Amino acid sequence: MIGNVQQNQLCLHTYDTISHHLSRTLSRLRLSGHNLNIEQIRQQQHRVPYELRICTKCNWHCVQDEEHVLLDCLSADLANLRVKHYQLFRSSTGSSNRLRDFISQTDTEGLALFVYDCLEWCA
Ligand SMILES: [Zn+2]
């Protein structure tokens, strides 16, 4: 029981270190409460297949999901945001779950600022 309490406090502490605004940004990303095509088109009246919810910011014809926007999209503006927030991209684990590893990094505030910029740009 004590171990569970400490673990919960650790999770809360992570969100306590950043502003409510930035905490909300990360929650939106983790709960798919954002405006990327993967979710925005899913919520339309006529169901659009997953593979047709493509990115409108680049010419790759990829699904505009969280991983594409944060890590892969080659639009100039998103590439510039990755340069601006270069400290988030210094290490690569080579993991098969790149998005999970990326959003689990310890620089929570830096991550939240980057995610906020990306979601705003894709709005
Ligand atoms: Zn793209």
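The values are calculated or read from the model by the stated rules, or taken from the named source; none is laboratory data. These numbers come from a predicted model, not from an experiment. Note that we place each Cβ from the backbone using ideal geometry, even for glycine, and neighbour counts take in every protein chain shown.
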Quiz item: Can you pull out the helices (runs of 4 or more DSSP H) entirely within region 9-123 that have at least 2 residues that are of a type in the set (S, T, Y)?
Solution: 20-30, 108-122
Practice problem: State all residues of region 72-98 that are surrounded by fewer than 16 Cβ atoms within 10 Å (Cβ to Cβ) and among the hydrophobic types (A, V, I, L, M, F, W, C); if no residue qualifies, say none. | Solution: L74, A76, A79, V83, F89
Quiz item: Could you say which residue among H61, H20, H34 is modelled with pLDDT of 75 or more and in contact with a strand residue (DSSP E or B) (Cβ under 9 Å, 6 or more places away or on another chain)?
Solution: H61
Exercise. Tally the residues that are of a type in the set (S, T, Y) and within 12 Å of the ligand (Cβ to nearest atom), restricting the search to region 46-105.
Key: 2
